[in-house]
Amino acid sequence: QVQLVESGGGLAQVGGSLRLSCAASGDTFGIYVMGWFRQVPGKERDFVAAVSWSGTPYYADSMKGRFAASLDRTKSTVYLQMNNLKPEDSAVYYCATGRSVGSRQANSFDYWGQGTQVTVYS
């Protein structure tokens, strides 16, 4: 079992920045990748970014250039730096862990955090 706790969500102005964190605990030896998804009411959970346990990030095409994911293995913590935020970035952001590096599919991730709300206002 892996437990995930996200933090760092909140309010941000258009053009502003937020940094999300997600700390993993428990059976972290089974983690190959840590990722971020986001979801708005009535829509599917969309892939944002992920980082392999070796530290290599990959992104959804629409997130490249504004978002940066990183991993601190010593803390079993993944980060999502979000810059130049737009109103359409408003969503609940979820952290997840999985074994399939490179996957962007939610069903390939095994454990999920509780989510953290990000709201971007103008």
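The values are calculated or read from the model by the stated rules, or taken from the named source; none is laboratory data. Being a predicted model, the structure only gives us computed values, none of them experimental. Note: ideal-geometry Cβ built from the backbone for every residue, glycine included; neighbour counts use all protein chains shown. Note: areas computed on protein heavy atoms with side chains; ligands, DNA, RNA excluded. Shrake-Rupley method; radii C 1.70, N 1.55, O 1.52, S 1.80 Å.
Mind telling me which of the residues T97, T119 ends up being open to solvent by less than 40 Å² (accessible area, probe 1.4 Å) and assigned to a strand (DSSP E or B)?
Values: T119 fails: open to solvent by less than 40 Å² (accessible area, probe 1.4 Å).
Matching residue, one of T97, T119: T97.
Just to be sure I understand, how many residues within segment 63-82 are closer than 24 Å to L11 by Cβ and under 14 Å from the mean Cα position of the chain (by Cα)? Let's see the steps before the verdict.
Initially, segment 63-82 is screened for residues closer than 24 Å to L11 by Cβ, giving 63, 65-70, 77-82.
Add one more test, that the residue is under 14 Å from the mean Cα position of the chain (by Cα), and what stays is 63, 66-70, 77-82.
So the count comes out to 12.
Checking K86 against (1) at pLDDT below 95; (2) of a type in the set (K, R); (3) touching a strand residue (DSSP E or B) at 6+ places or on another chain (Cβ under 7 Å), which test does it fail?
Failing condition for K86: (1).
If I go through segment 1-52 residue by residue, how many of them are loosely packed, with under 12 Cβ neighbours inside 10 Å and under 18 Å from S100 (Cα atoms)?
Summing the residues that are loosely packed, with under 12 Cβ neighbours inside 10 Å and under 18 Å from S100 (Cα atoms) in segment 1-52 gives 2.
Looking at A50, A69, A91 in this structure, which one is among the small types (G, A, S) and in contact with an Asp or Glu (Cβ under 9 Å, 6 or more places away or on another chain)? Give the steps one after another, and end with the answer.
On the way: A50 fails: in contact with an Asp or Glu (Cβ under 9 Å, 6 or more places away or on another chain); A69 fails: in contact with an Asp or Glu (Cβ under 9 Å, 6 or more places away or on another chain).
Just one listed residue meets the conditions, A91.
Are any residues in segment 57-92 touching a residue at least 60 places away in the same chain (Cβ under 8 Å), open to solvent by 40 Å² or more (accessible area, probe 1.4 Å) and not charged (D, E, K, R), and if so, which ones?
Scanning segment 57-92 gives Q81, N83, N84, P87.
For segment 1-31, name all the residues that are assigned to a loop (DSSP other than H, G, I, E, B), within 17 Å of the chain's Cα centre (by Cα) and farther than 18 Å from Q81 by Cα. Quick ask: steps written out before the conclusion?
Within segment 1-31, the subset assigned to a loop (DSSP other than H, G, I, E, B) is 1, 8-9, 14-17, 27, 31.
Checking which are within 17 Å of the chain's Cα centre (by Cα) leaves us with 8-9, 17, 31.
Within segment 1-31, I31 is the sole residue that qualifies.
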